[in-house]
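A short reminder: the numbers here are calculations on the coordinates, not readings from a lab. Every value quoted in this text rests on a predicted model; they were computed, and no experiment measured them. Reconstructed Cβ throughout: ideal geometry from the backbone, glycine too, with neighbour counts over all protein chains shown.
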Amino acid sequence: MARPTLFILNPASAAGSTGRRVEALRRRVEASLGPVDLQATCAPGEATRLARAASEAGVERILVGGGDGTTSEVVAGVLEAAALRGSSPTPVLGLLPLGSGLDLMRSLGLPRALGPALDVIAEGSVRTIDAGRIELRDPAGRPVSRAFVNEASLGLSGETVMRVGRTSKRIGPRLGFVAGAVGAILGHRPVDVAVEVDGSRVFEGPVSLLVAANGRFFGAGMRVAPGAVLDDGRLELVLVRGLSMPRLLVNLPSFYLGRHGRHPNVSFRAVRSVVVLPKEGSAPVEVDGEAVGGLPMRAEVVPGAIRVHARVEDAAGSSLSRGAADGQGVER
């Protein structure tokens, strides 16, 4: 007997506005999709616990009401359960635009309005996509491992995420990220690292930004990995070698337009795994928009790990080969 759809709702998402309309959201969702078991999260990590328990119980569909951080937690729970259950199908995820950044939804080509997003789920089309796994040090210096679904990055992005919180609540996610990025750039110093790709060392030196991207976007629409494809069994490694503060400020708009690959200090590479080792100093690491720790780190792709409601023909990059976007996607 099929178990009811679980609706995991993060009431703190969208600067807390989601929590002010929980019952209205329940009614809207049930009008489109039928009865749901709504569970609101109450603390960081709660979505992971709920998703893991639902997956173990055989729930066939999980609706995610939140942003990229909530989705990331749900994916972590689904993958934890899958590791225990073996080859059993994972629940299909239905993403609802109830958060701030919604960058994974951009890469999937999903509507960022509630009604059209519910229509996509009701249609029932399912796409299988990759996820990622990262090992790093938590803020206390202890080794930890966690899943991600959109991206993991270090350097300027980690510095930005630590600044964004309160600002984005006042001025919105995109302007909040821009303001946080400008603040991070003004105080930025490149970190000296060694980078290994699929077991081979490919770079040593100062880095301003390194992204292991499954999706194309982060930072509420920054097109940081224009060649990334969600279902190709690879991550897109975006490496920005050390740049000065003035050059970072001048080039910030190009990241939103996906044109940063024209800069000689930027390279792209499709990888299965990447290891970043600090040679001097360290850098903050963020995962799906959440600050999680620091170096050293290892990120790897988990191919075909997640099923999600999406129209395959609408997904950004689903029919594009790497490098088709703006002539980029290759190492420079």
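Quick notes on this one:
- From phi via Karplus (6.51, -1.76, 1.60), per-residue ³J(HN,Hα) for the stretch 262-275 in Hz, x at Gly/Pro: 6, 7, x, 8, 10, 9, 10, 7, 7, 9, 9, 8, 9, 10
- The label point for E56 and the one for E280, both projected 7 Å from the Cα toward the Cβ, are 4.8 nm apart.
- Summarising the overall dimensions of the stretch 5-99 from its C-alpha atoms, the Rg and Dmax are 12.6, 39 angstrom.
- More than 25 angstrom apart: percent of Cα pairs within the chain: 47
- Between the residues V240, V229, V275, the greatest Cα displacement towards the positive end of the dipole of the stretch 209-315, with unit charges on the Cβ of Lys, Arg, Asp and Glu, is found for V240.
- For G293, the residues 5 or more places off, or on other chains, whose built amide H falls under 5 Å of its own are V285.
- Prolate/oblate/rounded call for the stretch 133-273, Cα gyration tensor, a/c under 1.5 rounded: rounded
- A full extension of the chain between M245 and A194 corresponds to an added length of 16.2 nm, given 0.36 nm per residue minus the alpha carbon distance.
- Rounded to the nearest 20, the size of the Cβ-charge dipole of the chain about its Cα centre is 680 debye, with Lys and Arg at +1 and Asp and Glu at -1.
- Three-way shape label, the stretch 32-87, alpha-carbon gyration tensor, a/c 1.5: oblate
- Prolate is the label for the stretch 57-122, because a/c, from the alpha-carbon gyration tensor with a ≥ b ≥ c as root eigenvalues, is 1.5 or above and a/b exceeds b/c.
- Taking the helices alone, the chain has a mean residue ellipticity at 222 nm of -9500 deg cm²/dmol, built from -39,500 (n - 2.57) per DSSP H run of at least 4 residues and averaged over all its residues.
- In terms of packing, defined here as the mean over residues of other Cβ atoms within 10 angstrom, the peptides 52-59, 135-142 line up highest first as 52-59, 135-142.
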